[in-house]
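Notes for the one structure printed next.
None of the figures in this text is laboratory data; all of them are computed from the coordinates on show. Bear in mind the structure is a predicted one, so any value in this text is a computation, not a measurement. Cβ placement follows ideal geometry from the backbone for every residue including glycine, while neighbour counts extend to all protein chains displayed.
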Amino acid sequence: MGKKYLAIMASHRRNKFTEKYLDKYINELLEDGHEVEKINLVDYDIGFCKACGYCGKKYGECCIDDDMQVLYEKLRKYRNFIFASPVYFNTVSSRAKIFIDRCQMLYECKYNYKKPWAESCEKGEGIIISVAGACEYDNQFSGSEIILDAFFKNLDVEIKEHVKICKTDFE
Ligand SMILES: Cc1cc2nc3c(=O)[nH]c(=O)nc-3n(C[C@H](O)[C@H](O)[C@H](O)COP(=O)(O)O)c2cc1C
């Protein structure tokens with residue numbers, strides 16, 4: 001049976017390498033009968049987590065009233081995710097990191113309130129697409145994998161695949 005995926009595009013640049021590789025991956029999933037909703041973080045106004053502690057006092061709430069509120073609802077609905085980010089200093093983009101930090105709310109739901117945020121407790125899968133400009137070198141993708149593993153854990157999602165693309169700066 002086909003799965004439903006939420007695809008998150010975290011490059012600052014539209015239609016550049018990260019988005020192109022993500023779209024290629026999405027098309028393959030669609031051809032295989034899966035469903036995919038794609039969101040481009042560039043289209044959302046998301047402020048920094050300021051560590052105010054509000055989500056530690058109110059289950060499932062973040063006091064910052066911005067577009068992240070819409071994205072929380074999407075995260076709640078899906079069990080399968082694709083996260084595509086460029087590699088910046090061996091980790092995800094700043095845009096991705098701002099989004100991930102705002103998922104501290106999900107961390108509190110799971111580990112503090114012990115009532116995870118996802119609508120269903122069905123096991124989910126996470127796919128990472130990391131796009132790097134330089135030729136391959138040690139630890140080029142390590143930071144991205146560590147951060148996204150922590151992000152996915154909040155949603156009870158296990159990494160199924162990490163697609164690693166390099167050398168885009170030579171294309
Ligand atoms: C601030 C910055 C940091 C970067 N750091 C790395 C890096 O650590 N390793 C690497 O291989 N490429 C690095 N790159 C290159 C990008 O990963 C590459 O250009 C990628 O294609 C960007 O994704 P985009 O095409 O979707 O914008 C960096 C680029 C920028 C702008």
Residue-normalised 222 nm signal for the chain, counting each DSSP H run of n ≥ 4 as -39,500 (n - 2.57), nearest 500 deg cm²/dmol, is -8500 deg cm²/dmol
About the Cα centre of segment 4-170, what is the dipole size in debye to 20, counting +1 per Lys and Arg Cβ and -1 per Asp and Glu Cβ, all else neutral? 380
Computed on Cα atoms, the radius of gyration and Dmax of the chain in angstrom are 15.7, 49
Taking the Cβ of each residue in 57, 3 as the centre, tally the other Cβ atoms inside 10 Å and list the residues starting with the fewest. 57, 3
Residues 18, 168, sorted so that the one with the fewest Cβ neighbours within 10 Å comes first: 168, 18
Sorted on mean Cβ neighbours within 10 Å (highest first), peptides 74-82, 26-34 come out as 74-82, 26-34
Please work out the C-alpha center-to-center distance from segment 120-157 to segment 40-93 and express it in whole Å. 15
